[in-house]
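Asks: Before I ask anything, let me first share the structure, which is written out below as structure tokens.
The values are calculated or read from the model by the stated rules, or taken from the named source; none is laboratory data. Predicted, not measured: the structure shown is a model, and the values here were computed from it. When we count neighbours, we look across all protein chains shown, and the Cβ atoms used for this are built from the backbone with ideal geometry, even at glycine. To get the accessible areas, we keep the full protein, side chains included, count just its heavy atoms, and leave off ligands, DNA and RNA. Shrake-Rupley method; radii C 1.70, N 1.55, O 1.52, S 1.80 Å.
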Amino acid sequence: LPADVTVASMNGIANVTLADGRRIHIPMLNGYEPNDTCDRNADQALAEELLLNKTARISRPVDKDTPTAVPAGYLEADVAISNGDYATQFGDARFTNREERCPDPVPEPVTTTSPTPSSGSGSGSSGSYSYDHDDHNMPDGALTGGYCGHKWWC
């Protein structure tokens, strides 16, 4: 087993193929499962930045299959990269990486319709108003803290 190897390809964040054809499963990458496709893609991009086409050091023998959650055909090994253990580096950067690559969606702006005087009888000083009774992207009572009965003046 050579001490230093190049990671030729990756299948997810924990399964790599070395330049010599051996396939390695890297343990300790559990936790903080991706919430969605963006998180999954962000994790994969981070893993590739840290490991793909880089020289890594195998720090545990990879001479037998390990009876854990290792995919068939992979051998389990710890992998070190230039600045430390890969699993630790990945874990430390995962949260920040997800926030940078998958920002929370920007909420829709709140829109309102101003009350308009209705046409009808009456003088210009005291007209009646009609109001569109939509929620205007806000729950009932959002501005008053309670039920407002869809009154425009609440």
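Asks: Multiply the residue gap between ARG101 and LYS54 by 0.36 nm, knock off their C-alpha separation, and tell me the result in nm, one decimal place.
Replies: Here the segment from ARG101 to LYS54 would lengthen by 14.7 nm.
Asks: Another question about this same structure. Please list CYS38, CYS102 from largest to smallest accessible area, probe radius 1.4 Å, with all protein chains kept in place. Walk me through the numbers on the way to the answer.
Replies: Numbers: CYS38 50, CYS102 25 Å².
I get CYS38, CYS102, largest accessible area first.
Asks: Can you give me the solvent accessible area of ARG98 with a 1.4 Å probe, rounded to the nearest 10 Å²?
Replies: 30 Å²
Asks: Taking 7 Å along the Cα-to-C-beta vector as the label spot, tell me the THR88-GLN44 distance in nanometres, rounded to one decimal.
Replies: 2.9 nm
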